[in-house]
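Colleague: Below you will find the structure I want to go over with you.
The values are calculated or read from the model by the stated rules, or taken from the named source; none is laboratory data. From a predicted model like this one, the values you see are computed outputs, not experimental measurements. For neighbour counting, all protein chains shown are included, and Cβ atoms are generated from backbone atoms with ideal geometry for every residue, glycine included.
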């Protein structure tokens, strides 16, 4: 196991960047899911989506605390959430897409949940002990998340003609954001080589297999026309949706800097 004291400057900087990517995915997706609170199609689903949102926000809090500690600039988890601008966020574009109808939310969740399940499984074996501990906790929660989104995708895809139409439309619309989940750079390469981060290549292969199985069972498919992939979130280049979301999410903290509640 690699201890914090043993990290050199490059490894420490890489880890901060990597942790921010993991955390930002969860902050943004958690906020998106929280928008369903009080608006779920049924009471049980209203509660389920809210609980999943809380899982993601709890994970993000731990990841941001660790990032702030490694960064050493005195920034707390709250600082990293509320004081960074849109261009500083490192979440993938998939997570910032609007909820849309219920089928769109479920398709977005299925794509991310399967990725998160496989990612957290690898992180639980990380050589960096703090990340391994967080990965183990995340993996336990991801098992429930995958079961939830898979079951709903099967119901919608293989349900009524209307639910099938909406599910297929959601898959078609969101597929363009999925390749970015597996886009690696020098940070990923160095941390993966050190057995700290996940191996995105092997993760993508398993993701494609699992997603393909679920979609076939749901009588859904990927059109040959759905090959164009949008990227940029990991580098701070986002869709217009993130700016609107952050403006709403950050307004209280930015209007009252330094306030505690």
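Colleague: Looking only at segment 112-122, decide whether some residue is more than 22 Å from residue 207 (Cα to Cα) and surrounded by fewer than 19 Cβ atoms within 10 Å (Cβ to Cβ). Don't jump to the end; show me each part of the working.
Modeller: Narrowing segment 112-122 to residues more than 22 Å from residue 207 (Cα to Cα): none.
No, segment 112-122 contains no residue that is more than 22 Å from residue 207 (Cα to Cα) and surrounded by fewer than 19 Cβ atoms within 10 Å (Cβ to Cβ).
Colleague: Between a residue in segment 197-224 that is farther than 29 Å from residue 124 by Cβ and any residue that is part of a loop (DSSP other than H, G, I, E, B), which pairs come within a Cβ distance under 7 Å, given they are 6 or more apart or on different chains?
Modeller: Between residues of segment 197-224 that are farther than 29 Å from residue 124 by Cβ and residues that are part of a loop (DSSP other than H, G, I, E, B), the close pairs are 219/158.
Colleague: Here is a further query. State whether the residues of segment 3-16 include one that is surrounded by fewer than 16 Cβ atoms within 10 Å (Cβ to Cβ), in contact with a helix residue (DSSP H, G or I) (Cβ under 6 Å, 6 or more places away or on another chain) and either modelled with pLDDT under 85 or part of a helix (DSSP H, G or I) (or both).
Modeller: Residues of segment 3-16 that are surrounded by fewer than 16 Cβ atoms within 10 Å (Cβ to Cβ), as a first pass: 3-6, 8-10, 12-13.
If we keep only those that are in contact with a helix residue (DSSP H, G or I) (Cβ under 6 Å, 6 or more places away or on another chain) as well, we get 12.
Still in the running and either modelled with pLDDT under 85 or part of a helix (DSSP H, G or I) (or both): 12.
Yes; the residues of segment 3-16 include at least one that is surrounded by fewer than 16 Cβ atoms within 10 Å (Cβ to Cβ), in contact with a helix residue (DSSP H, G or I) (Cβ under 6 Å, 6 or more places away or on another chain) and either modelled with pLDDT under 85 or part of a helix (DSSP H, G or I) (or both).
Colleague: So which residues in segment 212-231 are closer than 17 Å to residue 94 by Cβ and either touching a strand residue (DSSP E or B) at 6+ places or on another chain (Cβ under 6 Å) or at pLDDT below 95 (or both)?
Modeller: 222, 226, 227, 228, 229, 230, 231
Colleague: Another one. With the requirement that a residue be surrounded by fewer than 20 Cβ atoms within 10 Å (Cβ to Cβ) and part of a helix (DSSP H, G or I), what does segment 31-40 give you?
Modeller: 34
Colleague: Something else about it: Taking the conditions exactly as written (buried (at least 24 other Cβ atoms within 10 Å of the Cβ) and assigned to a helix (DSSP H, G or I)), does residue 64 satisfy them or not?
Modeller: yes
Colleague: In contact with a strand residue (DSSP E or B) (Cβ under 8 Å, 6 or more places away or on another chain), loosely packed, with under 15 Cβ neighbours inside 10 Å and over 18 Å from residue 41 (Cβ atoms): is that true of residue 129 in this structure?
Modeller: Working: in contact with a strand residue (DSSP E or B) (Cβ under 8 Å, 6 or more places away or on another chain): yes; loosely packed, with under 15 Cβ neighbours inside 10 Å: yes; over 18 Å from residue 41 (Cβ atoms): yes.
Yes: the conditions hold for residue 129.
This table checks each residue for (1) surrounded by fewer than 24 Cβ atoms within 10 Å (Cβ to Cβ); (2) closer than 26 Å to residue 136 by Cβ; (3) at pLDDT 95 or above; (4) touching a helix residue (DSSP H, G or I) at 6+ places or on another chain (Cβ under 9 Å).
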position	(1), (2), (3), (4)
43	yes, no, no, no
55	yes, yes, yes, yes
69	yes, yes, yes, yes
98	yes, no, yes, yes
101	yes, no, yes, yes
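Colleague: Could you list all residues from segment 71-96 that are surrounded by 15 or more Cβ atoms within 10 Å (Cβ to Cβ) and without any contact (Cβ under 8 Å) to a residue 12 or more places away in the chain?
Modeller: Of everything in segment 71-96, those that are surrounded by 15 or more Cβ atoms within 10 Å (Cβ to Cβ) and without any contact (Cβ under 8 Å) to a residue 12 or more places away in the chain turn out to be 75, 84.
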